[in-house]
Every structure is written in structure tokens, then in C-alpha cells.
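Working notes, beginning with the structure itself.
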Amino acid sequence: MTTGAITVPAERDAPSWGERLRADVPASLVVFLVAVPLSLGIAVASDAPLTAGLIAAAVGGLVAGALGGSPLQVSGPAAGLTVVVADLVGRFGWGVTCAITVAAGVLQVIFGLTRTGRAALAISPAVVHGMLAGIGVTIVLGQLHIVLGGEQQDDAVAGVLALPAQLLGLHGPATVLGLAVIAILLLWARLPRRVPAWVRGIPAPLPAVVATTGVAGVAALPVERVEIGGSVLDAITPPVLPAGQWSAFAVGVLTVAIIASVESLLSAVAVDRMPAADPSRPRSDLDRELVGQGAGNTVSGLLGGLPITGVIVRSSTNVATGARTRASAILHGVWIVVFSVALLGLVEQIPMAVLAGLLVVIGARLVKLAHMRELHRHGELPVYLVTIAGVVLTDLLTGVLTGLGLAVLLVLRRVVWASIEVQEPAHGDDRLGGERPWHVVVEGALCFPSVPRLARRLGQVPAGAPVVIDLVTDYLDHAAYDHLSEWIERHEREGGRVRVDEVGTMGLLDRRAASNGGPGDRRPGPVPRSSVPGRCGRRDTGTSSRSPPTTPSSRACASTTAVPPAWSRRTSPTSPTGRRRTRSSSPARTRGSCPTCSPRAVPATCSPSATSATSRRWTATTRSARRWSTRCPRSRCRRWWCAATRGVAR
């Protein structure tokens with residue numbers, strides 16, 4: 001549309017259903033080609049009938065794809081539940097395992113209807129990634145023996161102990177086929193660019209399985225092949241209730257429901273972050289996604305299928321191939337049904353070693369170095385490693401609970417642990433009349449577990465020396481208050497001067513003021529004290545100085561907001577880069593008025609850390625600079641300035 005000299009481009013209409021189907025049909029075919037071999041391999045790893053994997057894949061597309069809250073997510077049997085399902089099949093049998101799948105689906109529907117979808121995301125990512133990595137290690141250790149021509153061991157420890165003898169033994173054609181599948185899967189993504197793009201776009205599992213199966217058939221290799229024993233319709237079996245062990249049955253239901261829910265929600269969140277062909281697509285509704293996943297598990301269990309979750313491999317393939325709507329996931333389920341009814345005989349030509357090689361690569365890809373590096377940056381790598389060890393050496397539930405327990409302990413330590421450091425005098429400090437004081441910097445929550453360390457640090461200060469205590473505390477309990485107060489009184493009796501600069505509102509100075517006063521002065525806390533007059537400056541009047549008297553100039557420069565200006569870059573005392581601690585050494589300034597309103601003021605610069613905006617451990621210098629940044633209330637001024645150094649923010 002044109003209006004005068006201004007041309008307004010017309011908004012692009014939303015794509016029609018025909019355009020969407022032209023994008024969804026090819027995407028569904030690609031996802032179908034990825035899903036078939038993966039579903040068969042996961043059924044093998046779960047000790048379940050092979051048809052159970054195909055049933056779960058079809059139900060994941062038709063039911064979960066239609067009812068779920070993530071339009072582009074594709075559901076089906078996933079590697080994250082293989083260890084759990086294999087344990088349930090060995091303990092209860094396949095019929096009871098189907099009943100557990102049905103009950104877990106009903107529980108997931110309840111989770112979704114009660115709108116507790118996002119509550120599942122409260123589990124630490126280190127535990128979730130560690131759980132998946134532990135499952136991957138278990139799959140690799142179990143299937144590697146089949147690739148090498150041996151038998152799967154009972155547990156991971158036995159698998160590791162038997163691996164050297166398996167590597168040194170003689171291997172037959174099954175080993176060659178398994179290693180060939182692994183090589184194709186690893187090298188397919190590294191094909192040179194001179195290979196046509198449509199060839200490189202084929203999912204790696206498809207050529208790996210087709211090529212090795214074709215070689216085995218043409219050469220008539222004597223290898224064990226897949227045995228289905230009937231059609232998919234014959235494999236539909238109703239669930240069976242257990243004759244006993246109801247507590248173990250309930251634990252199995254809860255385990256399957258929680259793991260399937262967490263994995264599906266994490267996959268849905270990951271799909272939302274992927275660039276899609278249709279930027280206008282809605283974001284995932286996590287509660288509706290739980291309802292869809294629960295309905296899918298209920299139907300899959302009733303038909304004799306495996307538990308289903310949202311699968312990130314299929315979902316990422318769906319997004320990468322240009323899918324626009326949920327029709328792609330539904331159509332992929334239709335193609336699986338057609339394949340299972342009409343072409344199931346082709347599955348019986350696949351060697352078991354080929355599926356084992358496919359599972360080895362799937363399990364290895366669950367252990368991701370990128371997750372390790374990210375968790376190491378956040379200090380959560382121990383949780384990840386402990387969860388892996390627990391899942392591999394014991395069982396899935398024990399490993400996850402162990403990881404959760406360690407994560408909670410680390411959080412408690414970070415919450416109740418205070419950083420206490422003592423700095424020897426290096427320069428004069430205007431807060432104590434130009435003397436060379438010792439500096440004690442306390443950051444974090446100061447409570448009773450930190451009192452012994454506080455006593456050791458304060459013991460480093462010589463008797464009678466001037467001391468400046470910078471309290472950057474989020475919490476101060478009674479034990480820490482008592483110890484600090486007693487130490488201050490004892491140090492003053494020995495002839496020392498103590499100055500307490502407190503950032504925050506945790507109340508050491510207020511409590512001491514309630515009991516006949518105390519040293520130091522409180523700086524403004526997180527909320528500026530605009531209602532208190534005369535707080536834009538402070539004055540050193542000895543060891544027990546309090547607020548300066550209210551004057552017109554100080555009242556005019558009272559703090560009204562706390563937005564940090566653009567300060568000069570300087571190293572923080574607790575900089576994560578590990579550089580030497582530095583402090584501001586500005587000379588004493590005239591207090592009580594804004595520098596732009598007072599001819600006596602000399603501009604200066606404050607020195608917070610360059611990382612103060614992102615660092616969680618702010619020093620007293622950094623915190624004070626942010627808290628003391630104020631704006632002059634006079635209508636003709638209104639400039640930002642630092643009341644601690646009398647510097648105008650530029």
C-alpha cells in the first residue's frame with residue numbers, strides 16, 4: 001500500500017494448508033525413515049518384543065502428535081527408558097510392564113490437568129543429563145558385546161570385566177556388520193561437500209541399516225537375524241495386573257511417569273529454541289504436552305507397546321526438514337502403521353548385530369562433552385558424575401536420587417556459606433582518617449556454619465590495629481551477630497578502631513544501635529532509603545558514628561533511585577578471573593551535596609568491577625558503588641553521581 005511518498009509493505013499472509021502440507025509430507029517421510037530403525041533398536045535394548053517398538057512409534061505419532069502441546073515434537077520409544085523397561089520386564093514380565101505403562105500414562109494426564117508441567121523442570125539439569133548419560137553408558141556396555149559376537153552381560157560391572165577377553169577373542173561376520181554400522185553412522189555427517197546435498201540429507205541410520213542388511217543378504221552371511229513371529233496385529237496384547245509386589249509396581253509407575261515427563265518437557269523446550277520454517281508457530285504448552293504424552297502412553301500400554309516420550313532426535317529431524325505443523329508428526333505415525341502391516345517381512349532380514357551397532361552409537365551420543373563443559377562452568381559437574389556412577393553401578397532410581405541429594409547439598413552449601421577474606425593494609429583509607437587499616441570483607445549468608453572460619457580470619461588482625469569490616473551479607477543470624485559484636489568490643493578495648501560498612505538490610509548495625517550503639521555506618525540497601533533524609537553522604541566521626549545530621553544540601557541530594565551508571569572498568573577483589581584484589585583509593589571528598597550543584601566538589605571516578613553486572617559475588621566496593629549511585633532531585637540538575645567518591649557518572 002502507498003500513502004503519499006511513504007511506501008508501507010503489506011504483511012505477508014500466513015501460509016495456507018496446501019503450503020503447510022507440501023512442507024509436512026516430506027518431513028514426515030524423513031522422520032519415518034529415522035524412527036523405524038531406532039524403534040526396533042530400542043525394543044531390542046529393552047528386552048521387549050520388536051513389534052512393541054513399532055506400536056509405540058505409531059501411537060507416538062498418531063495420539064501424542066495430535067494431542068500434545070508441542071506442534072513440532074515427535075514422540076515414540078526413547079533410549080532414556082530402556083534401562084527402566086528392561087528391569088521391569090525382567091522383574092514382572094511383559095504383560096505387567098504394559099500395565100505399568102498404562103498407569104504411568106494416567107499419572108501423566110493427571111500431571112497435565114493439574115497444571116504441574118513446569119514443576120518437572122525444577123529438577124537440576126545436571127541430574128537429568130547425568131541420568132541420560134548413565135543410561136547411554138549402560139546401553140553401550142550391554143550392546144558392545146553383541147557387536148563383538150558375544151552375549152550381553154547381566155550388569156555394567158560384569159560387562160566391563162568381560163570386555164578385554166571379548167576384544168581379544170575371534171570374531172565372525174556379525175562383528176564386521178556391527179562395526180560397519182558404527183563407522184557409517186560416525187562418518188555420514190562428515191561426507192565431503194562434493195557429494196550431492198540430497199544424499200547428505202538422508203538420515204544416517206537409514207543407509208547404515210539398509211547397506212549392511214543388503215550385504216548380509218547378498219553374501220548369505222550366517223548371522224542371527226530379527227525374529228518377529230507374526231504380524232503387528234497378532235502382537236497386540238492386553239496389560240496384566242501383577243499377582244503381588246504392589247509397592248514395586250507403584251515405584252515402577254512413578255519412575256516411568258517422571259522420567260517420561262521430564263524427558264518430554266526438556267525435548268519440547270529444546271524444540272522451541274530451534275529455528276523453524278514457520279517463525280509464527282506457537283510455543284509449546286507444557287501442560288497440554290503432558291496430557292498428550294499421558295494419553296499416548298495409555299494407548300501404547302493397552303496395545304502392548306513400549307512407553308513413549310518426546311524424542312529429541314526425531315524432533316530435531318522434523319524441524320530441520322522444514323515441518324510447519326503437527327501434521328508431520330501425525331503422518332509419520334501413519335507411515336509406520338502402513339509399513340508395519342504391509343512390509344514387516346523386511347524387518348526380519350535385519351541382522352541383530354546391525355541393531356546392536358546402531359544402539360552403541362545412540363548410547364554414546366547420550367554422553368555429551370558440551371554438557372560436561374557447561375556444567376563445569378556452573379560448578380555442577382560433581383552432580384553429573386555422581387548421577388552417572390549411580391545409574392551405571394546400581395540402578396536408575398538410586399542413581400537419580402543420589403544425584404538429587406548431592407545437588408541439594410551443594411545448594412545448601414552455597415546458601416549458607418560466606419566468603420570471608422582478610423586484606424593487609426596497603427594504603428590509606430579516608431574512612432579512618434587516613435590511617436592504614438586492615439580490611440575484612442564478608443560476602444554471602446553469614447550464619448553459624450561460618451562462625452569458626454570467621455573467628456580464624458578475625459584472629460589474623462593484630463591487636464589494636466585499625467580495621468574496616470565490609471559486610472556484604474544477604475543474611476546474618478544470631479550466632480554470627482554475637483561473635484562479631486563481641487569481637488568488635490574486645491578489639492576496641494585493646495585500643496583498636498573498628499569501622500563497619502554494611503551493604504544490605506541484615507541488621508548488624510541496627511541491632512548494635514538498639515544496645516547502646518556501635519561502630520560504622522550503614523549504606524543504603526537494595527531499596528534506596530529515599531524516605532530517610534541526609535543519606536546521600538556519610539561522615540567519619542569515630543568508632544561509633546551514625547548518620548550525619550540532616551542539612552538542606554544533604555536533603556536535596558537524598559537517594560531516589562539506584563540505577564548504576566557507566567563506571568570505569570577495574571578489577572574486582574573477587575573477580576572470577578583470579579586477578580589480584582584492588583580497591584578504590586579516592587581521596588576524601590566533601591559530603592552532603594551533588595557534585596554538579598556544589599562548587600567544592602571535585603569529579604572522580606568510582607571503581608566497581610567490570611563484571612559486577614553479572615557476578616553473583618559482589619565486593620563491598622562494587623556493591624557500594626551500585627548502591628550509592630544516585631540522581632540529584634533538583635529539576636535543573638538530575639545527573640547521576642556517586643555519593644561514595646563524589647564522582648559524576650559519565
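The table below lists the values:
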read-out: Modelled FRET efficiency - R0 45 Å, SER419 with LEU187, Cβ distances, 0.05 increments; value: 0.35
read-out: Positive minus negative residues near GLY136 (Lys, Arg vs Asp, Glu; Cβ under 12 Å); value: +2
read-out: Cα coordinate range in the stretch 18-367, projected on the principal axes (Å, largest first); value: 57, 57, 41
read-out: The stretch 179-267: projected area of the alpha-carbon convex hull, averaged over directions, in nm²; value: 11.2 nm²
read-out: Solvent exposure of the stretch 18-367 as accessible area per residue, Å², 1.4 Å probe; value: 41 Å²
read-out: ³J(HN,Hα) computed for each position of the stretch 103-116 - Karplus, 6.51 cos²θ - 1.76 cosθ + 1.60, integer Hz, glycine/proline x; value: 5, 5, x, 4, 5, 5, 4, 5, 4, x, 5, 8, 6, 10
read-out: Neighbour-limited loop hits for trypsin sites (Lys or Arg not before Pro), the stretch 124-225 (at most 10 other Cβ within 10 Å; DSSP other than H, G, I, E, B); value: ARG193, ARG194
read-out: The stretch 390-478, accessible area per residue, ligands and nucleic acids excluded (1.4 Å, Å²); value: 45 Å²
read-out: Whole-Hz couplings from phi, Karplus 6.51/-1.76/1.60, listed for the stretch 389-406; x for Gly and Pro; value: 4, x, 5, 6, 8, 10, 8, 5, 5, 5, x, 5, 5, 5, x, 5, x, 5
read-out: Dipole moment magnitude, nearest 20 debye, the stretch 18-367 about Cα centre, only Lys, Arg, Asp, Glu C-beta charged; value: 1180 debye
read-out: Amide hydrogen neighbours beyond the local backbone of ARG225, cut-off 5 Å, H modeled; value: MET352
read-out: For the stretch 44-63 versus the stretch 282-354, the gap between their alpha-carbon centres in whole angstrom; value: 9 Å
read-out: Full-stretch length increase - ASP474, ALA162 - with 0.36 nm per residue and alpha-carbon distance subtracted; value: 106.9 nm
read-out: Solvent-accessible area, 1.4 Å probe, carbon plus sulfur percent, for the stretch 18-367; value: 68 percent
read-out: Compactness of the stretch 321-479 as Cα Rg over 2.2 N^0.38 Å, two decimals; value: 1.95
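The values are calculated or read from the model by the stated rules, or taken from the named source; none is laboratory data. Here the structure is a predicted model, which means the values were calculated and not measured. Counting neighbours? That spans all protein chains shown, and the Cβs are built from the backbone with ideal geometry, glycine included. Accessible surface areas use protein heavy atoms only, side chains included; no ligands, DNA or RNA. Shrake-Rupley method; radii C 1.70, N 1.55, O 1.52, S 1.80 Å.
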